[in-house]
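A.B. asks: Structure below; questions to follow.
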Amino acid sequence: MRDPRDLYRFEATEVLEAVPRSGLTLVHALPGMVDAGNACRIAATYLRDELRHLRLVSFDTDELLDYRGARPRATFDGTSYVDVELPELTLSLMYDERDRPFLFLDGPEPDLQWRRLSEALIDLVEFFDVERVVGMQAVPMAVPHTRPIGLFAHANDPALLGRPNTRPTPAPGTAPESGDEEPGELILPAAFSALLEHRLGRAGHPAMGYAAQVPHYLTRTDFPAGALALLRRVSEAAELELPLVHLGDLTDAATVALQGTLAQNTEVRQIVGALEEQYDAMSESDQSPLATTMDLPTAEEIGEHFERFLADHDGNSPDEPFSG
């Protein structure tokens, strides 16, 4: 295998000097063939837009991507091609709202050289002395959008999920294939993030992740609620303070628009109703074989929404005392 370090290049020396060498978490969002509701893409774009960040490492996408399988976008003005947008895979230094640094890896899932790229990322995890790696995914499920979003949790060390006496939960996917697997195991198509988590574990590096369960009828549309659910769990697992309130506003607006659409479609309303009944029955019987957590708003989000509610309805600003 060629040297994995040839797959990436560092940015300027002064940028590298800004990176602390202890206590870092690496968060990654690598949407590929499956990114239900574009949740990973929305989460990654939101973090880049909301948080201060510096690019540390760029990867050679010509080595990693199949451009015939996923064509780059070209802009044509009627006469000339004014732009061709080539995809990028980058590792950045980000700062949360408390100015705490973390690393963020985002870009398209690689099509090629998975072994070599996983070795390159392990090399970077060791170079930056990363403490923990946390990933994001989004998968389609037969669940209604009117219930709290479930998230599959997985890790290369069960203790990361608070279950020291159980085996790790497999990465989420679709239906299991037949075979001689152990009870409770699933055999499913792998994403690159699954290989990375596995290889990190073999190299002695803790890694975990969450996969948002997106309603299957919303797989092909933007579903910001999935991104919000993922970032809440990442914020908790990585002990970061991420700016979630604005994403909550986008989620609320999308939910209102969705409800308006469903109100005009009897067939879809019937499907959602059937999914609600199924969801409630399974919740009561606790039949899920996988480690699942429910998405709930944080206390800070609830408080900020409440303050703005008072301001909107009583003419007070959030900083003024409420007068009943």
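A.B. asks: Out of the residues in the stretch 129-142 that are crowded, with 20+ Cβ neighbours inside 10 Å and over 15 Å from the mean Cα position of the chain (by Cα), which is farthest from LEU218 (Cα to Cα)?
C.D. replies: Going through the stretch 129-142, the residues crowded, with 20+ Cβ neighbours inside 10 Å turn out to be 130, 132-139, 141.
If we keep only those that are over 15 Å from the mean Cα position of the chain (by Cα) too, we end up with 130, 132, 141.
Working: VAL130: 35, ARG132: 32, MET141: 10 Å.
So the residue we want is VAL130.
A.B. asks: I want to confirm something. Restricting to the stretch 124-170 and keeping residues that are modelled with pLDDT under 90 and of a type in the set (D, E, K, R), which single residue is nearest to ARG21 (Cα to Cα)?
C.D. replies: Checked the stretch 124-170; the qualifying residue nearest to ARG21 (Cα to Cα) is ARG163.
A.B. asks: Only one of ASP106, ASP129, ASP96 is at positive phi and in contact with a Pro (Cβ under 9 Å, 6 or more places away or on another chain). Can you tell me which? Working first, answer last.
C.D. replies: Numbers: ASP106 fails: at positive phi; ASP96 fails: at positive phi.
Testing whether each residue is at positive phi and in contact with a Pro (Cβ under 9 Å, 6 or more places away or on another chain) leaves just ASP129.
A.B. asks: Being among the small types (Gly, Ala, Ser), touching a Leu at 6+ places or on another chain (Cβ under 9 Å) and either at pLDDT below 80 or assigned to a helix (DSSP H, G or I) (or both) narrows it down to one of ALA274, ALA229, ALA254, ALA281, so name that one. Spell out how you get there, then give the answer.
C.D. replies: Values: ALA274 fails: touching a Leu at 6+ places or on another chain (Cβ under 9 Å); ALA254 fails: touching a Leu at 6+ places or on another chain (Cβ under 9 Å); ALA281 fails: touching a Leu at 6+ places or on another chain (Cβ under 9 Å).
Checking each option against the conditions leaves just ALA229.
A.B. asks: Another one. Would you mind listing the helices (runs of 4 or more DSSP H) fully within the stretch 1-117 where at least 2 residues are at pLDDT 95 or above?
C.D. replies: Details: elements: 13-16, 39-50, 61-64.
Helices (runs of 4 or more DSSP H) meeting the threshold: 39-50, 61-64.
A.B. asks: Also, quick follow-up: Restricting the search to the stretch 232-242, which residues are buried (at least 17 other Cβ atoms within 10 Å of the Cβ) and not in a helix (DSSP H, G or I)? Break it down into steps so the answer makes sense when it comes.
C.D. replies: The first filter runs over the stretch 232-242 and keeps only residues buried (at least 17 other Cβ atoms within 10 Å of the Cβ), leaving 232-235, 237-238, 240, 242.
ALA238, LEU240, LEU242, listed by residue number.
A.B. asks: Would the stretch 77-93 turn up any residue that is out of contact with any Leu (no Cβ under 7 Å at 6 or more places or on another chain), crowded, with 16+ Cβ neighbours inside 10 Å and not hydroxyl-bearing (Ser, Thr, Tyr)?
C.D. replies: First pass over the stretch 77-93, keeping only residues out of contact with any Leu (no Cβ under 7 Å at 6 or more places or on another chain): 77-86, 88, 90.
Then keep just the ones that are crowded, with 16+ Cβ neighbours inside 10 Å; that gives 90.
Right, trim to not hydroxyl-bearing (Ser, Thr, Tyr) and you get none.
No: zero hits.
A.B. asks: So for the stretch 77-87 (the condition being among the charged types (D, E, K, R), more than 24 Å from the chain's Cα centre (by Cα) and farther than 19 Å from GLU197 by Cβ), does at least one residue qualify?
C.D. replies: To start, the set of residues in the stretch 77-87 that are among the charged types (D, E, K, R) comprises 77, 83, 85.
Narrowing the set further to residues that are more than 24 Å from the chain's Cα centre (by Cα) leaves 77, 83.
Going one step further and asking which of them are farther than 19 Å from GLU197 by Cβ, we end up with 77, 83.
Yes: the stretch 77-87 contains one or more residues that are among the charged types (D, E, K, R), more than 24 Å from the chain's Cα centre (by Cα) and farther than 19 Å from GLU197 by Cβ.
A.B. asks: Does the stretch 207-226 hold any residues that are touching a strand residue (DSSP E or B) at 6+ places or on another chain (Cβ under 8 Å), surrounded by fewer than 20 Cβ atoms within 10 Å (Cβ to Cβ) and in a helix (DSSP H, G or I), and which are they? Give the derivation first.
C.D. replies: Residues of the stretch 207-226 touching a strand residue (DSSP E or B) at 6+ places or on another chain (Cβ under 8 Å): 207-216, 219, 223, 226.
Pick out the ones that are also surrounded by fewer than 20 Cβ atoms within 10 Å (Cβ to Cβ) and you get 216, 219.
Answer for the stretch 207-226, where residues must be touching a strand residue (DSSP E or B) at 6+ places or on another chain (Cβ under 8 Å), surrounded by fewer than 20 Cβ atoms within 10 Å (Cβ to Cβ) and in a helix (DSSP H, G or I): just HIS216.
A.B. asks: Here are the criteria: (1) surrounded by fewer than 16 Cβ atoms within 10 Å (Cβ to Cβ); (2) in contact with a Gly (Cβ under 7 Å, 6 or more places away or on another chain). Tell me which single one GLY204 does not satisfy.
C.D. replies: Here GLY204 meets the rest and fails (2).
The values are calculated or read from the model by the stated rules, or taken from the named source; none is laboratory data. Everything quoted here is computed from the prediction, not taken from an experiment. All Cβ positions, even for glycine, are placed from backbone atoms using ideal geometry, and neighbour counts span all protein chains on display.
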